[in-house]
1. Go through the residues of region 382-399 one by one and say whether even a single one is under 25 Å from Phe302 (Cβ atoms) and not hydroxyl-bearing (Ser, Thr, Tyr).
2. Of all residues in region 365-397, count the ones that are within 24 Å of the chain's Cα centre (by Cα) and more than 17 Å from Arg67 (Cα to Cα).
3. Specify which of the listed residues (Arg92, Arg160, Arg123, Arg146) is among the basic types (Lys, Arg), closer than 18 Å to Ser48 by Cβ and over 17 Å from the mean Cα position of the chain (by Cα).
4. Just checking, does region 101-108 include any residue being free of Cβ contacts under 8 Å to residues at least 60 places away in the same chain, surrounded by fewer than 22 Cβ atoms within 10 Å (Cβ to Cβ) and aliphatic (A, V, I, L, M)?
5. How many residues does region 281-332 hold that are open to solvent by less than 40 Å² (accessible area, probe 1.4 Å), within 20 Å of Arg160 (Cα to Cα) and either more than 18 Å from the chain's Cα centre (by Cα) or modelled with pLDDT under 90 (or both)?
6. Check Ile65, Ile77 and return the single one that is β-branched (Val, Ile, Thr) and closer than 27 Å to Leu271 by Cβ.
7. Return the residue satisfying two criteria in turn: it lies in region 121-162 and is of a type in the set (D, E, K, R) and open to solvent by 10 Å² or more (accessible area, probe 1.4 Å), and of such residues it is farthest from Arg360 (Cα to Cα).
8. Confirm whether Ala335 is among the small types (Gly, Ala, Ser), at pLDDT 90 or above and either farther than 22 Å from Arg296 by Cα or not in a helix (DSSP H, G or I) (or both).
Amino acid sequence: MAALDTVAPPLKTTPLGGIGSSDLQAHLSLAFMLALGIVCVVDAMIISSLITPIKEHFGLSDEQIGRLSSSFTIAGIVGAPLFGYLANRFGRKPVLFAGVALWSFASIASGWAEGFLGLLFWRVLTGFGEAAYGGLAPSWLADLYRPKWRNLVFSLYMLRNKIGSAVALALGGWLAAEYGWRVAFYIAGIPGLLLALVLLWIREPQLGASDGAAVVRHKLSFREGLAVFRYPGYLLHSLGLFFFFTAMMTQIWIPAYLYRTYAIPNQQASLFLAQVLLYTAPAGLIGGYLSSLLLRGRRWGFPAFLASTSLIAAPLYLLAYTANDVATSQALIVAGIVIFGLSAGTLTTLIVETVPAYLRTSAVSFSVVISGGTSGIVAPELIGHLSDAFGLQRALLVAPACYLLAGLVWLALSVVLGRSTAADAAPLSAHTSTTEVHHD
């Protein structure tokens with residue numbers, strides 16, 4: 001069986017230094033990136049708590065509501081490779097600063113919209129700016145901690161999704177009810193501007209520092225970044241991510257689903273999802289710690305972990321969206337969120353560990369496009385069309401179907417890795433410590 005990773009030429013390195021060798025600096029940088037990620041998710045997810053009031057204010061269809069999300073994602077698809085290219089040439093910190101400032105301003109400006117097209121424009125600009133964080137943060141974090149701790153670190157990193165979503169739902173639903181939906185956008189955008197200033201004092205880690213030495217790499221070209229597609233493990237994982245994120249992005253419709261199916265007021269429905277996301281946040285840390293402890297030395301372990309959680313989540317969501325009463329539906333939604341939350345950190349771990357260290361920024365940037373980005377277009381458009389035609393409850397059955405497909409892809413990846421030869425059976429990260437180096 002051919003190896004899923006291509007072994008690259010010998011590494012040219014420099015001695016470790018800077019943030020890669022300081023635990024305190026690494027922890028502070030992790031804390032900052034987590035805070036920035038929470039704000040990023042708040043600005044992205046605030047729309048989910050405002051679907052009902054915005055729909056009623058502008059008289060929009062579900063297809064148009066879905067277009068707000070898909071256009072947001074298209075902007076991210078355009079932005080991710082661009083920000084990745086700029087970061088490879090000029091460093092991650094200045095590019096990230098520009099992205100944070102842009103998305104925060106656009107989030108605030110979303111509250112100024114006087115019509116659907118105006119709101120669409122500002123949401124597109126928000127999505128474009130957020131692509132900087134989505135594409136650069138994982139490689140930044142991978143350079144802070146050695147492979148032994150990386151899966152746990154990414155489990156912490158993925159907490160931003162639950163915490164940010166919970167804040168967006170609870171805060172957005174409350175602000176919309178008390179002060180109107182426009183104020184929710186204003187409040188959501190301000191923290192990002194403040195964190196952009198803090199970023200000026202945060203040190204960027206050296207590329208490859210956590211793998212034993214810093215990579216000597218200057219001005220990686222866009223063409224050289226395309227080398228990520230030489231790694232079959234990366235491609236298979238990206239396919240699994242596409243189905244997974246398609247399923248997960250249906251989550252923004254849960255408050256609207258509870259409102260329409262069971263007549264639960266929007267604020268109460270948004271608060272329910274916010275509380276679930278917040279209370280189930282420890283599941284990711286537990287799953288990240290246990291999987292790092294038990295599966296780190298097994299190449300097949302991480303994809304098998306992802307496969308198991310997705311395959312269990314699929315029937316839970318099927319039952320949740322076909323339940324006859326609200327209590328059963330809510331209980332199954334909670335169970336589904338807990339199950340797939342266990343392996344959330346592993347999603348990012350496999351992105352950065354299926355390619356060499358010097359390609360991590362490119363790998364994450366392209367992953368935003370080919371998996372998260374594409375699914376971010378497909379899911380909102382598909383749910384919007386199906387909801388207008390058949391009702392939201394039936395449209396949400398897309399979620400269990402895609403969880404099933406994601407689980408099957410990761411199961412296939414796990415089987416292939418399990419059948420690899422002994423020489424290929426080292427952890428995926430074993431191949432990321434050697435990389436080809438180019439100079440302009």
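The values are calculated or read from the model by the stated rules, or taken from the named source; none is laboratory data. This is a predicted model, so every value here is computed, not measured. Neighbour counts are summed over all protein chains in view; Cβ atoms, including those assigned to glycine, are modelled from backbone coordinates with ideal geometry. Each accessible area value is taken on the protein alone, full model and side chains, heavy atoms only, with ligands, DNA and RNA left out. Shrake-Rupley method; radii C 1.70, N 1.55, O 1.52, S 1.80 Å.
1. Among the residues of region 382-399, at least one is under 25 Å from Phe302 (Cβ atoms) and not hydroxyl-bearing (Ser, Thr, Tyr), which makes the answer yes.
2. First, the residues of region 365-397 that are within 24 Å of the chain's Cα centre (by Cα): 365-384, 395-397.
When the remaining residues are screened for being more than 17 Å from Arg67 (Cα to Cα), the result is 365-371, 397.
The qualifying residues number 8.
3. None of the other options fit; the residue is Arg123.
4. The answer is yes; a qualifying residue exists.
5. 7
6. Ile65
7. If we filter region 121-162 for residues that are of a type in the set (D, E, K, R), which is where we start, we get 123, 130, 143, 146, 148, 150, 160, 162.
Checking the rest, the ones that are also open to solvent by 10 Å² or more (accessible area, probe 1.4 Å) come to 130, 146, 148, 160, 162.
Working: Glu130: 18, Arg146: 14, Lys148: 17, Arg160: 20, Lys162: 24 Å.
Filtering first and then ranking leaves Lys162.
8. The answer is yes for Ala335.
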